[in-house]
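Reading through the structure tokens given below for one structure.
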Amino acid sequence: MSLLPYTDTKPKGAADFYFGINATFRFMLRQFGEAGFIRWLTEMGHGYFEPVNRIWREGGLPSVAQYWREFFAAEPGAEVEVHEEERQVVIDVKRCPAIAHLKAHQRDIVPEYCRHCLILGQTRAEAAGLSMQLEGGNGSCIHRYGDAGVLTQDADAVREVS
Amino acid sequence: MLGCYDFCGHYDWIFNWLKEQGGTELLYQYWDEAIYGDSQQHAAELIGSKGLSGMKEYWGHTLEEEAPAGGYAAGIVGDRFWMEMNDCPSRGFLMRNGIEFSRDYCDHCLGWIGPMMKKAGFTVNHAHNHCGQCYWEFMPLQNSGEPEPSIESLKQRLLREWDGEKMETDRFEQANDVCKKRVNTQGQ
């Protein structure tokens with residue numbers, strides 16, 4: 001059974017939608033500033049993603065691992081390994097599909113692009129009784145999910161896109 | 001991470017969020033600035049420089065990527081480009097998954113396509129029935145107003161079908177602005 005709350009008839013999404021996501025980040029930052037950008041993503045983490053948060057709350061770390069495997073399998077161009085370690089899930093994003101597609105099309109990527117993964121990841125992890133940490137960015141990164149309060153975030157660990 | 005697989009889901013959620021923050025005015029600003037002016041700059045460049053053949057090229061690529069199983073038809077007749085969508089991959093995704101965060105999801109297309117076409121020198125005839133079906137006709141801004149028979153026939157057939165099924169339809173006639181919508185509940 002799929003852990004993705006919403007499924008499509010085609011196996012992978014259309015990569016040009018990354019253009020829309022990048023443009024939306026730019027619009028939100030310009031319209032609402034950094035604080036508004038964080039508020040928007042936090043509300044999305046609690047709102048749009050609540051079906052995923054519920055799955056994670058009920059299924060714990062194994063469901064987090066399965067969710068991300070299925071998620072990245074549906075993202076075109078993703079090269080990702082998901083490891084289940086002792087009380088921790090490590091998502092090793094070797095090739096971020098969004099950054100790769102945007103760079104391949106010479107798009108002006110918002111420098112804060114990778115921050116959305118941290119804001120959404122931490123919001124959703126907390127809603128599920130877990131913690132989340134992100135390191136890297138600009139095309140490759142490592143996400144970690146663990147029990148509540150275990151993972152802490154280094155403020156400088158998320159790179160800007162350049 | 002925000003993914004492209006369920007893009008239409010979070011896109012629809014964003015529409016509702018923006019309406020809550022600043023009403024439809026802010027939502028329309030988002031479609032104009034972020035989608036037409038930024039995300040879809042490749043479409044604007046293609047259609048702005050190549051006109052009808054650019055439309056064919058843009059939607060050829062986009063629909064192949066978003067709707068590989070088909071469910072649409074498109075073509076050029078004279079000085080016009082037309083499309084008929086029978087199974088919209090975007091609205092269809094929402095319907096199959098029971099997603100309805102915003103009331104008028106389908107308006108987003110006119111919201112960015114309208115201003116893009118105006119810049120390229122075209123105006124738009126369009127209608128949708130909120131159930132994954134719509135038609136489009138792009139014609140020069142300076143047009144005679146005379147209907148093109150084969151496209152007119154397509155439009156009338158679809159409108160008759162939708163009215164017959166008592167569907168609420170949103171219609172745009174020679175429009176480039178999403179505010180120009182006329183809601184038709186005649187079929188209900």
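Details
- Here the dipole of the protein assembly as shown is about 320 debye; that uses its Cα centre as origin and unit charges on the Cβ of Lys and Arg (positive) and Asp and Glu (negative).
- Assuming charge only on the beta carbon of Lys and Arg (+1) and of Asp and Glu (-1), the dipole of chain B about its Cα centre is about 280 debye to the nearest 20.
- Computed from the C-beta positions of A:ASP147 and A:ASP108, the FRET efficiency with R₀ = 45 Å rounds to 0.70.
- Chain A: C-alpha gyration tensor shape, a/c 1.5 cut-off, then a/b vs b/c: rounded
- Average accessible surface area per residue within segment B:65-122, 1.4 Å rolling probe, Å²: 41 Å²
- Both chains summed, the buried accessible area for B and A stands near 3700 Å², from protein heavy atoms and a 1.4 Å probe.
- Charge dipole of segment A:17-147 about the Cα centre (unit charges at C-beta), most positive-ward option of A:VAL82, A:THR42, A:THR24: A:THR24
- Once the 1.4 Å probe is applied to the protein heavy atoms, segment A:17-147 comes out at 37 Å² accessible per residue.
- Farthest positive-ward along chain B dipole, Cα basis, beta-carbon charges - from B:ILE35, B:TRP162, B:CYS4: B:TRP162
- In sequence order, segment B:61-78 has phi-based couplings of 5, 5, 6, 4, 7, 7, 9, x, 7, x, x, 7, 9, 7, x, 10, 10, x Hz under the Karplus curve 6.51 cos²θ - 1.76 cosθ + 1.60, θ = phi - 60°, and Gly or Pro positions carry x.
- Sulfur and carbon atoms: percent of accessible area, segment A:17-147 [1.4 Å]: 48 percent
- Prolate/oblate/rounded call for chain B, Cα gyration tensor, a/c under 1.5 rounded: rounded
- If a spin label sat at a point 7 angstrom from the Cα of A:LYS10 along the line to its beta carbon, the backbone N atoms of segment B:1-36 nearer than 13 Å would be those of B:4-8.
- Ligands, DNA and RNA left out, the accessible area of segment B:43-155 computed with a 1.4 Å probe is 53% carbon and sulfur.
- Tensor-based shape of the protein assembly as shown (alpha-carbon gyration tensor, a/c under 1.5 rounded, otherwise prolate or oblate): prolate
- For chain B, the relative contact order comes to 20 percent (Cα pairs under 8 Å, sequence separation of at least 6).
- Cβ-Cβ distance of B:GLU146 and B:SER53, R₀ of 22 Å, FRET efficiency by 1/(1 + (r/R0)^6): the value works out to about 0.45.
- Positive-end residue of A:ALA100, A:TYR67, A:LEU120, charge dipole of segment A:17-147 with Cβ unit charges: A:ALA100
- Segment B:31-109 and segment B:118-187: distance between their alpha carbon centers, rounded to Å: 15 Å
- Contact order relative to length of segment A:33-89, as percent, for alpha carbon pairs under 8 angstrom and 6 or more apart: 27 percent
- Contact order relative to length of segment A:42-162, as percent, for alpha carbon pairs under 8 angstrom and 6 or more apart: 26 percent
- Springs between Cα atoms under 10 Å define the GNM used for chain B, and in it the highest mean-square fluctuation of B:PRO147, B:PRO115, B:PRO89 occurs at B:PRO147.
- Relative to one another, the C-alpha centroids of segment A:1-65 and segment A:71-102 are positioned 15 Å apart.
- Computed about the Cα centre, the dipole magnitude for segment A:60-116 is approximately 240 debye when only Lys and Arg (+1) and Asp and Glu (-1) carry charge, each at its Cβ.
The values are calculated or read from the model by the stated rules, or taken from the named source; none is laboratory data. Values in this document were obtained by computation on a predicted structure and should not be read as measured data. Please note: Cβ atoms are built from the backbone with ideal geometry, for glycine as well, and neighbour counts cover all protein chains shown. Please note that ligands, DNA and RNA were not included when accessible areas were found on the heavy atoms of the full protein model with its side chains. Shrake-Rupley method; radii C 1.70, N 1.55, O 1.52, S 1.80 Å.
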